[in-house]
Amino acid sequence: MDMRPNMKVKKKANHERWLVSYADLMTLLLALFVVLYASSTQNKVKIQEEEQSIIHAFHGTPITIQSHSGNSGVLQHQPSPIPKPVEHPAPRPPPHVPQQISRQLQQEMAQLQAMQLRLQSVLQPLIGQKQVTMSAQPLTLTISFSASTLYNSGQATLSPPAKILLTNIAGKLKDLPDQFSMVIQGYTDNQPIATPQFPSNWSLSVERAVSVVTLFVAQGIDGTRLSAQGFGEFAPSASNATADGRAQNRRVVVVIRAPAPSDTANDASGGK
C-alpha cells in the first residue's frame, strides 16, 4: 500500500506566449512592406528604353560625325570620308509616354511650329527662288541655304546681304528657350580646292559653318547652344555630275533641335 501523501503538481503559467503572436505580426508587416516597396520601385532600365524610343521617334537616329564648336579652328583633312547622313522616317512614338514628357513634347513642337512660321515670313522670297529650303520633323527644324546666297565663290566670309539676312534670323532664334540647340553644317561639291586659306573642301565647309556661328554669337545667341560641323564633299544632296547638282551640294544648313525628353526630365528634377 502506497503510503506517500497525495501531492498535486502545479504547473507554472507561461506569461511569454504573446511574443509568438508579436513575432508573427512583425513577420507579416515586414512581408507587406517588402511587397509595397517592390511594387513602387521604378524599373530604371525600362524607363531608359522608353526615353530612347521617344528620342528616336522625334529626332531620328543620331549621326556620328566630326564636329567643332563655335570657337574651334579648321577641321583637318581626314583619311576617310564622313558618311552621308541617312534619313530615317520617324516612327510612331511609343504608346506609353509619361504624361509630363507628353506635355513637354507638345509644348516644344508648338514652339518649333511657331518659329517655322516666323522664319517663313522672312525667307519666303528666297524659298520662292529655291535659294532656301525648310523642312521640319516634330522636334527638329532644318533650314538649308544655298552657298551662293551667303558667300562669294570659294570664300567663307559672309556677304553684306547675307549678314543682314542671318542677323534677322538670329533675332528670331533668340526667342527659343535656352534648351533648344542649333547645329550649323557646311557642305561643298566635289570640285577640289587648294588655296593658302583653304587647303581642302573640309576646311572650306567648316569655316563657312563657323562664320554663321560667329555671327549668331555676336547677335546674342549663347555659344553653348551652337556647334559647327563640316562635311566637305562627302554628303552630297544631288549628283555632282551636273552644274545644277553641284550648286545644290554647296550649302549651309541650320538644324534647330528641341531638347531630348531625358534632358528635359533631368532639368525638371534638378539633375538628380
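Readers should treat all values here as calculations from the given coordinates under stated rules, not as data from a laboratory. Nothing here was measured: the structure is a model prediction, and the numbers come from that model. Please note: Cβ atoms are built from the backbone with ideal geometry, for glycine as well, and neighbour counts cover all protein chains shown.
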Listed with the fewest Cβ neighbours within 10 Å leading, LEU117, LEU105 appear as LEU117, LEU105
Anisotropy class of the stretch 139-272 from Cα gyration tensor, a/c 1.5 cut: prolate
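Cβ neighbours within 10 Å, averaged per peptide: list 166-178, 197-209 in order, most packed at the top.
Sorting 166-178, 197-209 by mean packing, highest first, produces 197-209, 166-178.
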Given the convex hull over the Cα atoms of the stretch 117-218, what projected area results after averaging over all orientations, in nm²? 7.2
By counting other Cβ atoms within 10 Å of each Cβ, how are LEU25, LEU126 ranked from fewest to most? LEU25, LEU126
